[in-house]
Amino acid sequence: MTDKEQINRRRTFAIISHPDAGKTTLTEKFLLYGGAIQSAGTVKGKASDKHAVSDWMDLEKQRGISITSSVMQFEYEGYCINILDTPGHQDFSEDTYRTLMAADSAVMVIDAAKGIEPQTRKLFKVCAMRGIPIFTFINKLDRDARDPFDLLDELEKEFGIGTYPMNWPIGCGRDFKGVYDREKRCILAFTEFHAGRRRIEGINCELNETEKLDSLIGERARRELTEQVELLDAASFDFDADKVQHGKLSPVFFGSALNNFGVEPFLESFLKMTQPPLSHQTNEGELSPFDEHFSAFVFKIQANMNKAHRDRIAFMRICSGKFERGNEYYHVQQGKMIKLSQPQQLMAQEREIIDEAYAGDIIGVFDPGIFSIGDTVRDKDLKVQFAGIPTFAPEHFADVEQIDSMKRKQFAKGMEQIAQEGAIQIFFMPGCGMERVVVGVVGMLQFEVLEYRMQSEYNVGFHRSPLKYREIRYITSDTDPKTLRLSRDTLWVQDVKGKNLLLFESDFDIRWALENNKELELKEFNQ
């Protein structure tokens, strides 16, 4: 197979949703169909004590939520698929944002009973900003659900895009009979026996075949289905592949991931409609994935994914060309050639050393502490650099002080490594040393994750005291912070690079600082 053929068969997409919409369950069914796993688990608290394979952190298994993005690659019917499973909880939105930068399309999972929820709205905006295709899977039709027309209307009004239902639900909850495939003009009938089956064969049936439909789904459901499909055909958006590719029209599928219903038809249709790897913007313009030169950018760093390894992995999205193990590549930020050690294909926390990979693939490489999020790695002759990935401004702050002074090195190492992943920000109070730091996070749950990881991965405990600061600014002037007149509600700190910042409790404190220090210049936080 040629390099071009290898790249053309790649499909790299993220799965996004609000918590509990069924995102991780859908992900596991995809892996099941590709033969990557033998049985799909369920999150803790369900009927089984199995856990989702994509939720690799112990805390994820305990809480039943995805806390960090995970990467999974598998083969399915000639396609090489890279799935990026993202956290649904808003406290981990920064991790999700960075992951979406590495995806070529997105699958949006929506709970049929709840519709669009706050986190779904935020994640969609990121997808819309990049103009990537969005495919919608409306889940949990086997439970009571909202009217499907209302759900489509909400999608169109909230997101400002068109929708095209690829299939249509026949009832919901106890009355859920299945779906009508609009393209194939057939019924996929739902029964309680489908939970253990992969493929559900459609029953060809025209809507005017009254007797056949009545025997399949009942007279009442047949009448409703006929009326609804006629309304769809007359009033809904027409299917337009170009609008799908540019994120202006979302194909919509209905089903039940937990019951394996409608998942495989969705996967097959999705793979046909979504695109091979997209071009990426660089300082020299767009870079085609089919460029013969290798290039990639770092979008995620994770320490201690596997307790047996205790190492740090830098996740890279390959943007062009072919990666070959053993070759040296140019690390733009360091300005020197490096070997990407231990190149790996990932399945959540499981890993396998690889010899080659292509544009569209996500690979993990050993990070000895040289990589940062947004870094560019490429062939030396390519002469391009990818745009950096911005860091979100922290919204919550806490004073963190180590408990055991004998574990100062472990405390410093843990804080430094977790901060380099981008999940938290660490600031130092001048004169206090490393024993006491200020930690900033986007969401409060990150504090719990930090505490858990410091204890389980570094065997270090700490005291955490909440701080009231809500705003953060860089000092851009040459002013000596020691000479500044500041209110009691303002704190001077430094970041890991030694840059000076001020933490404020309110906008009033920012104005007070500027009015009483005429030489002071501030810039909003954006690393």
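The values are calculated or read from the model by the stated rules, or taken from the named source; none is laboratory data. Predicted model, so just to flag it, every value in this text is computed and none were measured. Cβ placement follows ideal geometry from the backbone for every residue including glycine, while neighbour counts extend to all protein chains displayed. Note: accessible area is taken over every heavy atom of the protein model, side chains too, but ligands, DNA and RNA are not part of it. Shrake-Rupley method; radii C 1.70, N 1.55, O 1.52, S 1.80 Å.
Rounded, prolate or oblate for region 321-396? Axes are the square roots of the Cα gyration tensor eigenvalues, ordered a ≥ b ≥ c, and the cut-off for rounded is a/c under 1.5.
In terms of gyration-tensor shape, oblate.
If I model a spin label at Asp175 and Ala234 as a point 7 Å from the Cα along the Cα→Cβ vector, what separation in nanometres do I get?
2.2 nm
Just how large is the dipole of region 116-267 about the Cα centre, in debye to the nearest 20, putting +1 at every Lys and Arg Cβ and -1 at every Asp and Glu Cβ?
Using Cβ point charges on Lys, Arg, Asp and Glu, region 116-267 gives about 720 debye.
Separation between the Glu524 and His463 pseudo-spin-labels, each 7 Å from Cα along Cα→Cβ, expressed in nm?
3.6 nm
Please find the FRET efficiency linking Glu158 to Thr483, where r is the Cβ-Cβ separation and R0 is fixed at 35 Å, and quote it to the nearest 0.05.
On the way: r = 50 Å, r/R0 = 1.43.
Result of the calculation: an efficiency of 0.10.
Determine the share of the chain's accessible area contributed by carbon and sulfur atoms, expressed in whole percent, with a 1.4 angstrom probe.
That share works out to 45 percent.
Give the angle, between 0 and 90 degrees and rounded to the nearest 10, that separates the Cα long axis of helix 23-33 from the longest principal axis of the Cα atoms of the chain.
Taking Cα atoms only, the helix is inclined about 60 degrees.
Farthest toward the dipole's positive end in region 323-416, which of Ile403, Ile354, Pro390, given Cβ charges of +1 (Lys, Arg) and -1 (Asp, Glu) about the Cα centre?
Of the candidates, Ile403 comes out farthest on the positive side.
Probe of 1.4 angstrom, ligands and nucleic acids ignored: what's the accessible area per residue over the chain, in square angstrom?
Ligands and nucleic acids excluded, the figure is 44 Å² per residue.
Enumerate by residue number the trypsin sites (Lys or Arg not before Pro) in region 217-307 meeting two conditions: DSSP loop (anything except H, G, I, E, B), and at most 12 other Cβ atoms within 10 Å of the site's Cβ.
On the way: sites: Arg220, Arg222, Arg223, Lys243, Lys248, Lys272, Lys300, Lys307; in loops: Lys248, Lys307.
Within region 217-307, the qualifying trypsin sites (Lys or Arg not before Pro) (loop, at most 12 other Cβ atoms within 10 Å) are Lys307.
Can you pull the one-decimal nm distance between simple spin-label points at Glu515 and Met1, each 7 Å off the Cα toward Cβ?
Placing both labels 7 Å along Cα→Cβ, they lie 6.6 nm apart.
Given the peptides 325-332, 515-522, arrange them by the average over their residues of other C-beta atoms within 10 Å, most packed first.
Numbers: 325-332: 15.8, 515-522: 13.4.
By packing density, highest mean first, the sequence is 325-332, 515-522.
At a Förster distance of 60 Å, what's the computed FRET efficiency of Lys383 paired with Asp150, Cβ-Cβ distance as r, to 0.05?
0.70
For the Cα atoms of the chain, what angle does the longest principal axis make with the long axis of helix 408-420, in degrees from 0 to 90, nearest 10?
50 degrees
Quick one: dipole size for the chain, taken about the Cα centre, charges +1 on Lys/Arg Cβ and -1 on Asp/Glu Cβ, in debye to the nearest 20.
So the magnitude is around 1240 debye.
Would you mind estimating how fast region 115-237 diffuses translationally, via Stokes-Einstein at 10 °C and 1.306 mPa s with the Kirkwood radius over Cα pairs, in µm²/s?
Estimated diffusion coefficient is 100 µm²/s.
Expected output is a single nm value to one decimal: the length gained when fully extending between Lys409 and Glu219, i.e. 0.36 nm times separation in residues minus the C-alpha distance. What is it? It would help to have the intermediate numbers written out before the result.
Numbers: separation 190, 0.36 × 190 = 68.40 nm, distance 7.23 nm.
So the chain would gain 61.2 nm between Lys409 and Glu219.
Once Lys and Arg get +1 and Asp and Glu get -1 on their Cβ, which of Gly285, Gly255, Leu232 lies farthest toward the positive end of the dipole of region 217-289?
Gly255
Using 0.36 nm per residue, how much length does the chain from Glu75 to Ser506 gain when fully extended, once their Cα-Cα distance is taken away?
In short, 150.0 nm is gained.
For helix 219-235, report the angle its Cα long axis makes with the longest principal axis of the Cα atoms of the chain; keep it between 0 and 90° and round to the nearest 10°.
60 degrees
Figure the gain on full extension for Thr191 and Ser456 (residue separation times 0.36 nm, minus the Cα-Cα span) and round it to one decimal in nm.
On the way: separation 265, 0.36 × 265 = 95.40 nm, distance 4.44 nm.
This chain segment gains 91.0 nm when fully extended.
Hey, any idea what the orientation-averaged projected area of the convex hull of region 210-325's Cα atoms comes to, in nm²?
Spelled out: convex hull of the Cα atoms, projected over all directions, averaged, 13.3 nm².
Using only Cα positions of the chain, each an equal point scatterer, no hydration layer, compute I(q)/I(0) via Debye at q = 0.05, 0.08 Å⁻¹ and quote the log10 values to two decimals.
The Debye formula, applied to the Cα set alone, gives -0.23, -0.57.
Which shape class applies to region 372-527: rounded if a/c is under 1.5, otherwise prolate when a/b exceeds b/c and oblate if not, where a ≥ b ≥ c are the square roots of the Cα gyration tensor eigenvalues? Could the numbers behind the result be given before it?
Values: a/c = 1.89, a/b = 1.10, b/c = 1.73.
Oblate shape, in that a/c is at least 1.5 and b/c is the bigger or equal ratio.
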